[in-house]
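See structure below.
What follows is calculated from the coordinates using simple rules that are stated; it is not laboratory data. A quick note: this is a predicted structure, and the numbers were derived from the prediction, not measured. Positions of Cβ are generated from backbone atoms using ideal geometry, with glycine treated the same way; all protein chains shown enter the neighbour counts.
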Amino acid sequence: MATTLYDAAIVGTGATGGMAAKVLAEKGMKTLLLESGPSISSADFLTHSMPYDFPFRGAGSPSKARRVGRPAASERTPFVGYHAENDQHPYSFPKGNPWAWSHSRILGGRTLHWGRQSLRLAEYDFKGASIDGYGVDWPFTYRDLEPYYDKAEEYVGVQGMTEGLPQIPDGKFLPPFAFNCYEHLMKKAARKMGWHLTALRTAQLSRAHRGRPACHYCGSCGSGCDVGAFFSTVAVTLPDALATGNLTLQTDSVVRHVLVDGEGRPKGVGYHDRLSKDYREAFAKVVVLAGSTLESTRIMLNSTSRQHPNGLANSSGVLGHYLTDHISVGNIEGALQDLVGGKILNEDGKSNGSYIPRFQNVDSKNRDFIRGYGIMVKGGAGSFPGHALDFDGFGAAYKRRIKALHPAMVNVYARGEPLPVYDSSVEIDKNLVDHWGIPALHIHYKRTENDEKIRKHAFDSMMELMHTAKVEILSARDSLSTPGTINHEMGTARMGHDPKTNVLNAYNQAHDAKNLFVVDASCWPSSGCQNPTLTMLAIAWRASDYLAEQFRKGEL
Amino acid sequence: MTKPGSIDRREMIKAAAGSAALVVLGPASSAAPQHHAASAAGAVGTSPWQPKFFSAEQNELVTTLAELILPETDTPGARAAKVNEYIDLVLSDETTRTQENFLNGLTWINRRSNELFQEDFLRLSGEQQVEMLTRLSDGGSIQPEDKDGRPFFLDIRRRTVSGYYTSKIGIHEELEYEGKTPLAEWQGCPHPGHHGSSD
């Protein structure tokens, strides 16, 4: 049986793997795209299901949740790997310092159910160190990435409002979804505080776009979109990549490590068949890792050899270090007095909310902390009255109060920028393997004082906003999220010009191995406070363009 | 009063069929279950419903408590929404410790009821039942003799809310939920009075 030598092998089909596949395949490279999990298509989703369609009302059985974790037990999304099962994908962390990893191991990865929030980073975010002295700058500027932001937004389709705010640069938007009542009222309150409130920019289509149908506002994005009206690999990048005829998709292939030749040069990957666990190998001239931040780094750490004793392309020693996850403060939930007792409307159909962009360290320097946070503003009537458990009581009066508050609910939470530190890191846990016998990660997260300063400021700001909006506050959490909870893992294979202190160069190319590229968020040298996916797509596109050009010139 | 958590395996497998079926599918086929299998698994069959976990008396007590928490008003209450069936199903799959905690709570209710009114809870008048729950329902003013019942009150209230507002009655009749309705256009807020000057 002839073994194919591909031009490129890409590991992972999440946002960046899918984007790399589209670009490389369209550039004419014979590309193998490997996915650890099973296949799935938009038509499989139970998008329009209701809770009462399921015995456990969608939440899944308690015993299953105990075995695989609550997300993976969901009856709404009963697909293997949609949320990675705890029993197949173990990891460890120090006692008292938990990491809550919520990832996916299925075709499309987390693009199947992500929050769709698509915000650009700004020059402030790429040049943080130059501005306030902390950490390192990115090895490229906003101007360098801007054409790729334009391309990514235009390709993916992002609805949003143009605001002219430097901290969240405007993009190429589709018409924005109209505000719900609570958003108008919160915008008025924000204005009184001197802040801007804008539609949360999301990768959802407000009109038909590039052959894809517009959103039909069924409010079920979390169950997977059965018409592909929000960006996902399976709805957007994968079909385009397959249409070229240059892409071979291979699911159920759990990559263990990158293979290297006698000189330590990457030559392919070793993987296990997901079901039989049999070990196999695939060969390519260029290897692209896009397994998601921690998985790509895990593969590299598991790929030791004589030339790479500390993990693949790790002569700098920083592989596994500088891990961050966005911090979340809150949430604070309450009832807008102006809306209590009103008619209950369809408000969750657009599955979207509003955003108050970072207002700290914009016009003036905050004396307590650097960088900052944005505030998410969500609310409106959904199907379940979560607020019912926020107050005491029972009986007819309780039932009536639940209903009266239902159309008035608003909740806010802040998303802040964590500062990367060397000691916030991952390494291989020598005593733990996953279902396929692949060594698992030990995750040791570290916060900084700046996180705590942001927490306090954000909580106080949000309380003031809620009071200004005449909200009767029903619950207020002032703690920081458990690391990992926000699902925005960044760092551990950071990019920078200096090979002594960085794993990758400005084009996501490994300093130590020019035919190895790592295109997911493991490359991030700092975090910003904006949701990362749009920036990841732009970076992956840019890196793939560079890769294809270098390949064409014979440089790889 | 307590009953060992004996689970009918056949019923358990049927109930879990929607979520457990996926694991055996091969790599070439899609990972999706049949949608109707998920709803069929939990649907009422040809025989009347029987609890998997509660005894008949426990079931009646739970049904009564749920109806007191979310009663019939201008819309049906927890009894009509069959919240007891949902609570029974979830508990039947819980850990022994969680099951015991819940059953101990039911035991406490009856013991307290006898202390106050010399009768089991189900034999009290409607007013007496409301009076007993009122003792548990204000976290700020619980009497020492009632403190042990507070965690159980919160737990059964949470389960009742969960079961009621995920039922057809709770979602469509009580909350008049308008969502999950495909729309051609998104209108947003219909009240000009809410809109700001530059919105």
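Here are the numbers for the structure shown:
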item: Lysines whose Cα lies under 24 Å from that of A:K95, excluding same-chain neighbours fewer than 8 positions away; result: A:K430, A:K446
item: Length-normalised contact order for chain A - Cα pairs under 8 Å, 6+ apart - percent; result: 22 percent
item: Pairs from A:K188/A:K399; A:K187/A:K470; A:K343/A:K378 whose Cα-Cα separation, in the structure shown, is over 24 Å; result: A:K188/A:K399
item: Likely footprinting exposure, A:V519, A:V258, fewest C-beta neighbours within 10 Å first; result: A:V258, A:V519
item: Given A:K267/A:K514; A:K127/A:K553; A:K403/B:K82; A:K172/A:K456; A:K22/A:K285, the pairs whose alpha carbons are separated by over 23 Å; result: A:K127/A:K553; A:K172/A:K456
item: Helix A:142-156 axis, angle to chain A major axis (alpha carbon atoms, nearest 10°); result: 80 degrees
item: Dipole magnitude of chain A, debye to nearest 20 (Cβ charges: Lys/Arg +1, Asp/Glu -1, about Cα centre); result: 700 debye
item: Sparsely packed GluC sites (Glu not before Pro) within segment A:231-328, loop by DSSP, other Cβ within 10 Å at most 12; result: A:E263
item: Rel. contact order, % - alpha carbon contacts under 8 angstrom, at least six apart, segment B:55-176; result: 32 percent
item: Residues of type aspartates and glutamates that A:K151 reaches as a straight line, Cα spacing below 17 Å, ignoring anything fewer than 8 places off in the same chain; result: A:E26, A:D170, A:D240, A:D545
item: Sequence of A:Y149, A:Y155, A:Y546 once ranked by neighbouring C-beta atoms within 10 Å, starting from the fewest; result: A:Y546, A:Y155, A:Y149
item: D (Stokes-Einstein, µm²/s), Kirkwood Cα radius, segment B:55-176, 1.306 mPa s at 10 °C; result: 107 µm²/s
item: Whole-Å distance, taken between Cα centres, linking segment A:32-62 and segment A:205-223; result: 18 Å
item: Likely footprinting exposure, A:K64, A:K470, A:K430, A:K446, fewest C-beta neighbours within 10 Å first; result: A:K430, A:K470, A:K446, A:K64
item: Cys with no candidate disulfide partner in chain A (beta-carbon separation under 4.7 Å rule); result: A:C215, A:C218, A:C221, A:C225, A:C523, A:C529
item: Dipole of chain A, positive direction: furthest Cα of A:S475, A:Q509, A:H444, with charges on the beta-carbon; result: A:S475
item: For chain A, diffusion coefficient by Stokes-Einstein and Kirkwood Rh (Cα), 4 °C, 1.567 mPa s, µm²/s; result: 54 µm²/s
item: Label-point gap, in nm, between A:F283 and B:E100 - each point 7 angstrom along Cα→Cβ; result: 6.2 nm
item: Net dipole in debye of segment B:88-167 [+1 Lys, Arg Cβ; -1 Asp, Glu Cβ; about Cα centre; nearest 20]; result: 180 debye
item: Helix-derived mean residue ellipticity, 222 nm - over chain A, DSSP H n ≥ 4, -39500 (n - 2.57), to 500; result: -6500 deg cm²/dmol
item: Estimated FRET transfer efficiency when R0 is 41 angstrom, pair A:T448-A:S276 (beta carbons, to 0.05); result: 0.35
item: Separation between Cα centres of segment A:425-446 and segment A:119-183, rounded to whole Å; result: 34 Å
